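Have a look at the structure below, then the notes.
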Amino acid sequence: MSKKSGTKSYSAELREKAVRLVTERGYSLAQVAEQLGCSQESIRRWKEAALRKVDPELAARIELEEDENKRLRKRVAQLETEVEILKKAAAYFAKETL
């Protein structure tokens, strides 16, 4: 990384790694940004540039997978909340019956 007029310059390798983590591994922009020490906006721009370079069919498939991952993460969070509620309810009713 070198400083150029107030902005950071990242290696092509780091950019490719960031894009792979988001597109292939399903990590969020925030997770990758924190892990690699760069901004979410930089990763978003790198990802868009990479998608423009690839086959349009592949780009569409990646977009669909990202949407599905986002939907599934929300569903997992909802289910985890429901499990916590059910655990508390079970503990409450177990106390009540004793």
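What to note about this one:
- Looking at the range 4-63, the trypsin sites (Lys or Arg not before Pro) that sit in a DSSP loop and have at most 11 other Cβ atoms within 10 Å of their own Cβ are R25.
- Pairs over the 22 Å Cα-Cα cut-off, from the set K47/K70; K8/K74; K74/K95: K8/K74; K74/K95.
- To the nearest ten degrees, helix 40-53 and the longest principal axis of the Cα atoms of the chain are 60 degrees apart.
- Here K88 is the anchor, and the aspartates and glutamates within straight C-alpha reach of less than 14 Å, apart from those fewer than 8 places off in the same chain, are E80, E96.
- Most positive-pole-ward Cα, A49, V83, Q35, against dipole of the range 15-98 from beta carbon charges: Q35
- Loop-located GluC sites (Glu not before Pro) in the range 3-90 (DSSP state not H, G, I, E or B) with no more than 11 neighbouring Cβ atoms inside 10 Å: E24.
- Nearest-20 debye value, the chain charge dipole, Cβ charges on Lys, Arg, Asp, Glu: 440 debye
- Dividing the convex hull volume of the alpha-carbon atoms in the range 10-97 by its residue count gives 101 Å³ per residue.
- Degrees separating the helix 56-97 axis from the principal Cα axis of the chain, which is the longest one: 20 degrees
Since every read-out is calculated from the coordinates, none of them should be taken as a lab result. Everything numeric in this text was worked out from a predicted model, so none of it was measured. Glycine also receives a Cβ, built like all others from the backbone with ideal geometry; neighbour counts cover every protein chain displayed.
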